[in-house]
């Protein structure tokens, strides 16, 4: 007889928009939620016995109610509260996981109800509630974009038979990076939103006064800057892509001197990741 090793199920990519009218301006939260329950659901999978299954429609309704009640709180607070509620309502579950992505809507200046909703960074919160343990949350930001027009180089790299140094060697270059970062806490901050804003500022300004020797070096400097700026963050993971910009030779067209034009491409790019943990102990 076959043995069931693990079971889980849930409701994924539930898109909810919460709106609260106000005298001065409306508030709007555009959220995407993924909810999973893990635990003792083997009978439902093997025998079709659904007595342990909380319907995913019930999970969606619970999420909608909690979004309504948490329109003024950080996504981390919403994710933690929802994960604990789902675990409470489903006795067969041993773990409840809730991932929330917020697509920030930005109220236009001097407007009462008009928002800019175009592409931007997205706010992340992944909460986990386990029986007998405190719930935990990992925060993050995706859709990060940063570019520098100087202060980045790439030299002294490993060379093999297929390396053309003239293609990649750069004493100074344009470096455009995209990606996301996630971080763990040693303790809950008083204000998750303020912590996210501080982390984002530290990330974006990490190489303002420090030269980076590669995209890898730049990613580390960014993660370290977040740890330096946010004492309750214990670990940061930065995942990134870097996009090449090749300088064009315009001398045949009598164009030279300071500045220049670079050819950019998104069709192929480098990628990497670094996880940096705060140093502890003496």
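Once both labels are positioned 7 Å from their Cα atoms along Cα-to-Cβ, the gap between residue 253 and residue 121 label points is 3.6 nm.
Put in line by how crowded their Cβ is, counting other Cβ atoms within 10 Å and starting with the fewest, 167, 235 read 167, 235. Cβ-to-Cβ counts within 10 Å put 171, 102, 76, 88 in ascending order as 171, 88, 102, 76, the fewest first. Put a dot 7 Å past the Cα of residue 263, heading toward its Cβ, do the same for residue 145, and the two dots end up 2.2 nm apart. On full extension, the segment bounded by residue 26 and residue 111 gains 29.7 nm, given 0.36 nm per residue less the C-alpha separation. Classify segment 211-268: rounded, prolate or oblate, from the alpha-carbon gyration tensor (a ≥ b ≥ c, eigenvalue square roots; a/c under 1.5 rounded; otherwise prolate if a/b is larger than b/c)? Verdict is prolate for segment 211-268. Each 5 Å bin from zero up to the one holding the largest Cα-Cα distance in the chain carries the following percent of pairs: 1, 5, 10, 12, 13, 12, 12, 10, 9, 7, 5, 3, 1, 1, 0, 0.
Helical content alone sets the calculated 222 nm signal of the chain at -7000 deg cm²/dmol, taking -39,500 (n - 2.57) per DSSP H segment of four or more residues and averaging over every residue.
Evaluated on segment 111-197, the Kirkwood hydrodynamic radius is 17.5 Å, with distances taken between all distinct Cα atoms. When the Gaussian network model of the chain links Cα atoms closer than 10 Å, the mean-square fluctuations of 262, 123, 183 top out at 262. Each Cα pair under 8 Å and six or more residues apart adds its separation to the average, and for the chain the resulting relative contact order is 13 percent. Compactness of segment 144-282, taken as the C-alpha radius of gyration over 2.2 N^0.38 Å, stands at 1.24. Sorting the segments 157-163, 92-98 by their residues' average number of neighbouring beta-carbon atoms within 10 angstrom, most packed first, yields 92-98, 157-163.
Extents of segment 1-153, taken as max minus min of Cα coordinates on every principal axis and listed largest first, are 64, 52, 26 Å.
The value of relative contact order for segment 70-204, using C-alpha pairs under 8 Å at least six residues apart, is 21 percent. For a paramagnetic label modelled on residue 51 (point 7 Å from Cα along Cα→Cβ), amide N atoms under 19 Å away belong, within segment 75-112, to 89-94. Note on the chain: with a GNM built from Cα contacts shorter than 10 Å, the maximum mean-square fluctuation among 12, 243, 113 falls on 113. One equal scatterer on each Cα of segment 15-55, no solvent, Debye formula: the resulting log10 I(q)/I(0) at q = 0.18, 0.19, 0.22, 0.30 Å⁻¹ is -0.65, -0.67, -0.76, -0.99. Among 245, 70, 145, which one shows the highest mean-square fluctuation when the chain is modelled as a Gaussian network with alpha-carbon springs under 10 Å? Comparing 245, 70, 145 in the GNM, the peak value goes to 245.
Coordinate-derived values only; no laboratory data. These figures come from a predicted structure and were not determined experimentally. Cβ atoms come from the backbone with ideal geometry, glycine included; neighbour counts cover every protein chain shown.
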